[in-house]
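The values are calculated or read from the model by the stated rules, or taken from the named source; none is laboratory data. Since the model is a prediction, treat every value here as computed from it, not as a measurement. Ideal geometry is used to build each Cβ from the backbone, glycine not excepted, and the neighbour counts take in all protein chains shown.
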Amino acid sequence: MRCREDGSATVEAVLIIPVFLIMLGLLIDATYVFKGQTKVLRVVQDANRNMSIGRLRTEAEVEAYINARLALMNITPSITDAQSDTNVVITTVTVPAAQFQMLGYFTGLVNLQLEMREAHLLESYDPATLSPTTTTTAPPVYGS
């Protein structure tokens, strides 16, 4: 008499499916974190560009612009900091990664703080004529 082998793949499937679902959940959460980081970085770049061309004049305006745009996307940064001198504006935004996750099962991602930092050179121009002006200060040299 022959033995039936109809259910032989069930044991392997029962062992593999939970591992597959955990990996899928981690992948989904990581994807949402990266997508959220990209959204925040885009807002920071826009704010720095606006200060570069003169639409925003002060660091406080840059911070308010960033916070307002992120609030429209239901993102609340824990820190927003803009600093500028005569040549460059540097903005740092810190957001908890837990705001971007869909599942939130993985403590390594839940406790993560994402810090986005963007630097943008300030353009020098005469607002009356919209023509470039000459500056006597050299741009900063980084990494030396």
task: Kindly indicate whether any position in region 59-68 is aromatic (Phe, Trp, Tyr) and under 13 Å from the mean Cα position of the chain (by Cα).
output: no
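Looking at THR135, THR80, which is the one that is at pLDDT below 90, in contact with an Asp or Glu (Cβ under 9 Å, 6 or more places away or on another chain), β-branched (Val, Ile, Thr) and surrounded by 11 or more Cβ atoms within 10 Å (Cβ to Cβ)? Don't jump to the end; show me each part of the working.
Values: THR135 fails: in contact with an Asp or Glu (Cβ under 9 Å, 6 or more places away or on another chain).
On inspection, the qualifying residue turns out to be THR80.
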message: Going by what's in this entry, would LEU70 be described as surrounded by 13 or more Cβ atoms within 10 Å (Cβ to Cβ), closer than 30 Å to LEU26 by Cα and of a type in the set (A, V, I, L, M)?
response: yes
message: Given the criterion over 19 Å from the mean Cα position of the chain (by Cα), surrounded by 11 or more Cβ atoms within 10 Å (Cβ to Cβ), of a type in the set (A, V, I, L, M, F, W, C) and at pLDDT below 90, identify the matching residue among VAL110, VAL88.
response: VAL88
message: Would you confirm whether or not region 113-122 contains a residue that is among the polar types (S, T, N, Q), modelled with pLDDT under 85 and not in a loop (DSSP other than H, G, I, E, B)?
response: no
